[in-house]
1. Quick one: count up the residues across the range 44-56 that are crowded, with 22+ Cβ neighbours inside 10 Å and either hydrophobic (A, V, I, L, M, F, W, C) or not in a helix (DSSP H, G or I) (or both).
2. Filter the range 302-334 down to the residues that are of a type outside the set (F, W, Y) and touching a Lys or Arg at 6+ places or on another chain (Cβ under 8 Å) and list them by number.
3. From the list L65, L41, exactly one residue is touching a helix residue (DSSP H, G or I) at 6+ places or on another chain (Cβ under 7 Å), within 27 Å of K174 (Cα to Cα), touching a residue at least 24 places away in the same chain (Cβ under 8 Å) and of a type in the set (A, V, I, L, M). Which is it?
4. Determine whether S210 is surrounded by 20 or more Cβ atoms within 10 Å (Cβ to Cβ) and not aromatic (F, W, Y).
5. Taking interchain pairs and intrachain pairs at least six residues apart, which have beta carbon atoms under 6 angstrom, with the first residue in the range 138-158 and closer than 22 Å to Y92 by Cβ and the second outside any helix (DSSP H, G or I) and of a type outside the set (S, T, Y)?
6. Quick check on my filter: what residues within the range 81-120 are of a type outside the set (A, V, I, L, M, F, W, C), within 12 Å of Y61 (Cα to Cα) and not in a loop (DSSP other than H, G, I, E, B)?
7. For the range 181-238, which helices (runs of 4 or more DSSP H) that fit wholly inside it have 2 or more residues that are in contact (Cβ under 8 Å) with a residue 60 or more places away in the chain and more than 30 Å from D60 (Cβ to Cβ)?
8. Out of (1) surrounded by fewer than 16 Cβ atoms within 10 Å (Cβ to Cβ); (2) within 21 Å of the chain's Cα centre (by Cα); (3) part of a helix (DSSP H, G or I); (4) not acidic (D, E), what's the single condition that is false for L163?
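The values are calculated or read from the model by the stated rules, or taken from the named source; none is laboratory data. What you see is a predicted model, and the numbers here were worked out from it, not measured in a lab. Cβ: placed from backbone, ideal geometry, glycine included. Neighbour counts: every protein chain shown.
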Amino acid sequence: MSNKTWGKLTIGLSILLLAIIGGFVIFIDPFFHYHKPLKFLEYKLNNEWYQNDGIARNFDYDAVLTGTSMIEMSKTSEIDEMFGTKSVKIPYAGGSYSQIDSLVAKAAKSNPNLKIVFRGLDFNRLVTDTVDAVRGDVPFPDYLYNDNPFDDVQYILNKDVILNEAAATICYTKKGNKTTNFDDYAKWMGDYKYGKDAILAGHSMDERISPWPVDEEEYKKLEINIRANIIDTANTYPDIDFYYFIPPYSIYAFDSYSRVGELDKFLEYHNRIMKMIVDVPNIKLFSFMDYYEVIENPDNYRDDYHYGMWVNSQLFQCMKNGEHRVTKKNYEEYCKEVNDYYLKYDYDALFE
């Protein structure tokens, strides 16, 4: 055999091997990039950043639950029972408004049956997000999210995907496991303790400073962010009901805002942006900043912000009952009540 023939054979066999490996990943498709889960395989859902796009594109559902870690403990089974839906949960822990809105838009574009979007709006991101902000400390797999087929090589010929995802899916199935349900997807509750001691372990006790004034230039950026990443998508899909809700941060979170002088500014931004959102007819806006019995009970929280699974259940029951909803009619009264509560609260009493 000549060197030329040997070279051609080697190249041909290499291409064939790569094609087989790539075909194997495409067939199993652990990130659901090409198709929905195969009926005879069981899949482990354990990576939001790599699996959410495929879930949004290829799963069967008519409702989406999304947001940050604040919604990860929510149970889609409870939502489905309350609202008569078939929902998927696709959160991004620490995700920006832009990243989450892009996923909502992807779901709406990919699924003509989508009728409801449930989305938590983290208002602590108001002073950090920009219109195109992304979470910088997590590698983002753009090749899974774009429509360029050529960079899919980073997926189908990825050693970790081949061994730790595709092959592992077969092993996971053979061991008798079942595909992760959306109640358990991204679930973290068992890893933490709750209560005042847990909160104070990570709570800042800095000296209080004078309130910062509203920064109109900063607010203009926030307004652009809210319009681009909340309002525009709702306007683009008028037949979808958007249940947007502000999570109930603990009273200790507001103590932190007070200490760094941002409480007044935070509440003013909150008021202005709420006014923008209530004008959109297919957005049902709920705010749990007035859910005081939850907010004031430290046993509900593992830190300043994150609450237990039972609180998530209560929030959706409230939304089903129409409680804590903010509308054009009650917006001003709601904002006045919330402002008075947080601006007059005796935060020092929390530590006596």
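1. Result for the range 44-56: 2.
2. R302, G308, M309, N312, S313, M319, R325
3. Answer to the selection: L41.
4. no
5. Once the first residue is closer than 22 Å to Y92 by Cβ and sits in the range 138-158, its partners that are outside any helix (DSSP H, G or I) and of a type outside the set (S, T, Y) give L144/H33.
6. S87, K89, S110 - these are the residues of the range 81-120 that are of a type outside the set (A, V, I, L, M, F, W, C), within 12 Å of Y61 (Cα to Cα) and not in a loop (DSSP other than H, G, I, E, B).
7. Numbers: elements: 196-201, 216-226, 232-236.
The helices (runs of 4 or more DSSP H) meeting that bar are 196-201, 216-226.
8. It is condition (2) that L163 fails.
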